[in-house]
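Worksheet for the structure shown next.
The values are calculated or read from the model by the stated rules, or taken from the named source; none is laboratory data. As the structure is a computational prediction, the values presented were derived from the model and not from experiment. Positions of Cβ are backbone-derived with ideal geometry, glycine not excepted, and every protein chain shown enters the neighbour counts.
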2 protein chains.
Amino acid sequence: MDYLSLIDMDTALSLVRHHIPPLTGRERVSVGAACGRVVCADVAAPYDVPSYPKAQMDGYAVSSTDLYGASDATPVRLSLCGAAHAGDEVRRSVTSGTCVYVATGAAVPDGADAVLMREDAGEGDDTITARAPVLPGQHIMRPGYDIGAGTVLVRRGTRVTPRLVALLAGAGVSEVSCFPRPRVAVFSTGTEVIDPSCPPAYGRTHDANGPQLCAALAALGAVPVPRGIVPDDRASLAAAVASAAGHDAVILSAGVSKGHRDHVLGALSDAGCEVHFHGIAVKPGKPTVFATLSSVPVFGLPGHPVSCYTLFTLLVRPAILALSAMENPLRTACYPLAKRLSVPVGRRQYLPVRIADGKAVPVFRGSGALSSLMDADGFAVLDVLDEYLDEGDVVKVVLLDE
Amino acid sequence: MDYLSLIDMDTALSLVRHHIPPLTGRERVSVGAACGRVVCADVAAPYDVPSYPKAQMDGYAVSSTDLYGASDATPVRLSLCGAAHAGDEVRRSVTSGTCVYVATGAAVPDGADAVLMREDAGEGDDTITARAPVLPGQHIMRPGYDIGAGTVLVRRGTRVTPRLVALLAGAGVSEVSCFPRPRVAVFSTGTEVIDPSCPPAYGRTHDANGPQLCAALAALGAVPVPRGIVPDDRASLAAAVASAAGHDAVILSAGVSKGHRDHVLGALSDAGCEVHFHGIAVKPGKPTVFATLSSVPVFGLPGHPVSCYTLFTLLVRPAILALSAMENPLRTACYPLAKRLSVPVGRRQYLPVRIADGKAVPVFRGSGALSSLMDADGFAVLDVLDEYLDEGDVVKVVLLDE
């Protein structure tokens, strides 16, 4: 691959998509633990819900033909043969001329085809006086009305929400098959990089990318596997990459440019990777690398934290989501620019902006400045051939949802 | 409390808010595990970032006064005294007439006040020929430019995002003090209720509310403590409530109406709770109960899964978020109704709706129907004194984000 022949972002995205391995593997997950997981096979309702005719009101289970013509003027007397409450296991029955008291949620006895509201009858010791007729089926939820046995409750590729948990649990489904959560190895590279717990030292930089990438992966539902900091040394980097072959994806940050100490590209070759591109016509993120190690996607992201986060969001995140069959939910919207900007000719720029008073306000303080991202609500996509954009020019903004 | 004197939803919300205990307790959480947690004290930057003057380009660290007037026509020759790379621990210095090669990210040597871009000089074995002047500070990120020591990085009450993780880690903060995640006991009640793993049985209903509430609590960042199913028996219910006193909140579902088998209200009294209200003028959710056990908030929600989820979202969720100092991020928007509706006079109705073609389409199949919620994008808030709303009437919709 020629570093100088930059590809555009859309080509980069299709190349990455093309190299996402087919989804394999499944895990049985209890419904209580499935929230956020992605279902890997359609789930059909095993039973009718409700499984029995269920009273929807407090009242009397009757045969509707008994109450034909009942009214205040011509009430109908029925024998009262017991009461059924929600959870009662006794299977009762109603014959012509009799009724059974039913509480909301109780099983309606065999032989009854309607529930007369309590308010429409007078109750004696062992009789009731019905003062209204009933329609067949009245105030009864028939078996399978809510969910019929065999109905598809959830389709493959759906992410489980609390509401879906309720639907599955209420349908008597206690486990679902889910795609395994992708395990992603995360390396920070650079001889100057030190752990955040270390005191600052001359010429040293605290690792921001490793913790950031791990947090962003966890927020997507993936399992980050932090693999620490690797020095700028080709052999160490190659060994690190090779050791990560058992993961579902690998992300490295820094060391991807063409400087004396940028050994990631060489290390990828040494580790046996196939490099699919090195260099995207975007700012920031130009030196981004994408490779595969056997079939495992490997991303080399820029070292500046803003660049790293930008390329993670735009390029890596869709790939991680695709690894568990999830769609990429990034939202975009259009806003007028709050100020005139000069823009790089020939490279798409992703500029951190805050949305204020309906306008996109640039908040960029340099790719190396961590503070650039904190106020950003999104990245403005500047895709222009002119050298500047004017205040008020409308730009597309990729919105950050975290 | 008088069940018949219903209070309105806003009054219910203020009563709940009034009884949220003051936030106490703190936990030290490593930055890598802090995503989603809420910071309980402002965090100031312990160090300047960068902690040293940092080269922003590959080039030569020089004293700017040496290159005054340098140009192609009048180049300036400097002795080249070594090279500094990112991560080098040797502290170098530059004196008048000398320079040091610096790579991007390297510490700029003492005595140098600017970096001359590599492209603006010719390099010999131990000299360079500078062909351009430099401004003091050029291509150097001064100590503290990104983050000055003492700058507040994050305020109390902020939820940690991946970007904030990067800012904290990059500033050398490896742990933060967070509010403990609220632990919430969840009981389902009802003699008819069985675990989702049980086969269906005559008159029995699979528990949907328990798993749903636990999943929704976990999605908010709380710790659900599933406490199982309690039968409709006042003594068992009272014992269950009393046993949950050690949690930060308690939620029960079902058994809150005024039927023969609705024992939750009595059980709350028996357990020593103070009941603040029983009954809200809303549909669904009228029998909702709120009490405190010592200072622990206790919610009794309706048993129908749609009603339970509606009241959880509107009443309990803000309380759970307040327990960890988080704001309630529920969004609302206005949409025209897709069809004419009859509405209950005098009670605010929350109607599940789907948003399609910019209109609110009712998807309600009954409070007892689990399937009602699956297609819903939100709850339309119907707050009217008339008996119906027309197609095209604009209604407020509380949007569901999960």
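In segment A:222-334, counting only helices (runs of 4 or more DSSP H) that sit wholly within it, the ones holding 1 or more residues that are more than 29 Å from B:Thr161 (Cβ to Cβ) span A:234-243, A:264-270. Within the option set A:Ala219, A:Ala215, A:Ala208, being of a type outside the set (Asp, Glu), surrounded by fewer than 24 Cβ atoms within 10 Å (Cβ to Cβ) and either facing another protein chain (nearest Cβ under 7 Å) or closer than 17 Å to B:Lys54 by Cβ (or both) holds for one residue only, A:Ala219. For segment A:153-171, filtered to residues that are in a loop (DSSP other than H, G, I, E, B) and more than 9 Å from chain B (Cβ to nearest Cβ), the residue that is surrounded by the most Cβ atoms within 10 Å (Cβ to Cβ) is A:Thr158.
How about segment B:69-86: which of its residues are assigned to a loop (DSSP other than H, G, I, E, B) and within 14 Å of chain A (Cβ to nearest Cβ)?
We begin by selecting, within segment B:69-86, every residue assigned to a loop (DSSP other than H, G, I, E, B); these are B:69-75, B:85-86.
Listed by number, the residues that qualify are B:His85, B:Ala86.
The single condition among (1) over 30 Å from the mean Cα position of the chain (by Cα); (2) surrounded by 23 or more Cβ atoms within 10 Å (Cβ to Cβ); (3) within 11 Å of chain A (Cβ to nearest Cβ) that B:Val230 does not meet is (3).
Using the structure shown, decide if B:Val282 is in contact (Cβ under 8 Å) with a residue 24 or more places away in the chain and within 11 Å of another protein chain (Cβ to nearest Cβ). The answer is no for B:Val282. For segment A:87-109, enumerate the residues that are within 13 Å of chain B (Cβ to nearest Cβ), more than 45 Å from the chain's Cα centre (by Cα) and exposed (fewer than 14 other Cβ atoms within 10 Å of the Cβ). Hit for segment A:87-109 is A:Ser93, nothing else.
Search segment A:32-64 for residues being assigned to a strand (DSSP E or B) and at the interface with another protein chain (Cβ under 8 Å from one of its Cβ atoms), and hand back the single one that is farthest from A:Ser177 (Cα to Cα). Taking the candidates together, the pick is A:Lys54. Taking segment A:353-401 as the range and being assigned to a loop (DSSP other than H, G, I, E, B), touching a helix residue (DSSP H, G or I) at 6+ places or on another chain (Cβ under 8 Å) and over 29 Å from A:Arg204 (Cα atoms) as the test, only A:Leu400 passes. The residues of segment B:364-397 that are within 14 Å of chain A (Cβ to nearest Cβ) and among the hydrophobic types (A, V, I, L, M, F, W, C), listed by number, are B:Phe364, B:Ala369, B:Leu370, B:Leu373, B:Met374, B:Ala376, B:Phe379.
Comparison of A:Gly82, A:Gly69, A:Gly87, A:Gly124 shows that the only residue that is modelled with pLDDT under 95 and under 30 Å from A:Leu167 (Cβ atoms) is A:Gly87.
Each residue in segment B:172-205 was checked for being in contact (Cβ under 8 Å) with a residue 60 or more places away in the chain, within 7 Å of chain A (Cβ to nearest Cβ) and of a type outside the set (Ser, Thr, Tyr), and 3 pass.
Considered as a group, the residues in segment A:13-31 that are over 30 Å from A:Leu301 (Cβ atoms) and assigned to a strand (DSSP E or B) include one that is nearest to the other protein chains (Cβ to nearest Cβ), and that residue is A:Ser30. Against the test of being over 20 Å from A:Thr65 (Cα atoms) and without any contact (Cβ under 8 Å) to a residue 40 or more places away in the chain, the options A:Leu153, A:Leu167 yield a single qualifying residue, A:Leu167.
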